[in-house]
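Here's the structure we're looking at; comments come further down.
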Amino acid sequence: QVQLVESGGGLVQPGGSLRLSCAASGSIFSINAMAWYRQAPGKQRELVARLSSGGNTNYADSVKGRFTISRGDAKNTVHLQMNSLKSEDTAVYYCYVPSQGMDYWGKGTLVTVSS
């Protein structure tokens, strides 16, 4: 079992920045890849960024060059640095970890980009 807790969401103006964090607990020895997804109102959940155990990263085209996913000093944390935020980035952001054949999700943190 893996538990995930996100933090760092909030209200920010267009062009601003936010840093999301996800802390994993439980069977963290089994964690390899970690990822961030988001779901905007009325839309399907989509992959934002993924970080493999080897350090490889993948980003949605819509966030390339603006968002950066990284592992924290503690292996069980992952961050999402979001710069140059746009109104279309408004969504609930979820931390995701696949582990031992199971999918684990955090409860999400709301990011609102608005003036």
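The values are calculated or read from the model by the stated rules, or taken from the named source; none is laboratory data. Since the model is a prediction, treat every value here as computed from it, not as a measurement. Please note: Cβ atoms are built from the backbone with ideal geometry, for glycine as well, and neighbour counts cover all protein chains shown. For accessibility, only protein heavy atoms count, side chains too; no ligands or nucleic acids. Shrake-Rupley method; radii C 1.70, N 1.55, O 1.52, S 1.80 Å.
Close amide H pairs (under 5 Å, H built 1.01 Å from N) link residue 27 with 2, 3, residues at least 5 positions away or on another chain.
A straight chain from residue 7 to residue 84 at 0.36 nm per residue would run longer than the Cα-Cα distance by 25.8 nm. Counting only heavy atoms of the protein chains and using a 1.4 Å probe, residue 61 has close to 120 Å² of accessible surface. Summed over the residues of the chain and divided among them, the accessible surface reaches 53 Å² per residue at a probe radius of 1.4 Å. Summing charges over all other residues whose Cβ lies under 13 Å from the Cβ of residue 53, with Lys and Arg as +1 and Asp and Glu as -1, gives +3. Considering only 21, 52, 62, the mean-square fluctuation computed in a Gaussian network model of the chain, springs between alpha carbons under 10 angstrom, is largest for 62. A 1.4 Å probe, protein heavy atoms only, puts the accessible area of residue 71 near 70 Å². Each of 92, 5, 63 has its accessible area taken with a 1.4 Å probe; listed largest first, they run 5, 92, 63.
Compute the relative contact order of the chain as a whole-number percentage, counting only Cα pairs closer than 8 Å that sit 6 or more residues apart in sequence.
On the way: 274 pairs, mean separation 42.9, N = 115.
Relative CO of the chain lands at 37 percent.
Computed over segment 59-114, the quotient of the alpha carbon radius of gyration and 2.2 N^0.38 Å is 1.26.
Converting the Cα gyration tensor eigenvalues of the chain into ellipsoid dimensions via √(5λ) gives semi-axes, longest first, of 23, 14, 13 Å.
Spacing of the modelled spin labels on residue 75 and residue 44, each 7 Å from Cα toward Cβ, amounts to 3.4 nm. Taking 11, 4, 110 and ordering them by how much accessible surface each has at a 1.4 Å probe, largest first, produces 11, 110, 4.
Measuring from a point 7 Å past the Cα of residue 32 along Cα-to-C-beta, which residues in segment 71-109 have an amide N at less than 16 Å? Residues 97-104 qualify, since their backbone N sits under 16 Å from the label point.
In terms of accessible area, using a 1.4 Å probe and ignoring ligands and nucleic acids, 6, 46, 88 rank largest first as 88, 46, 6.
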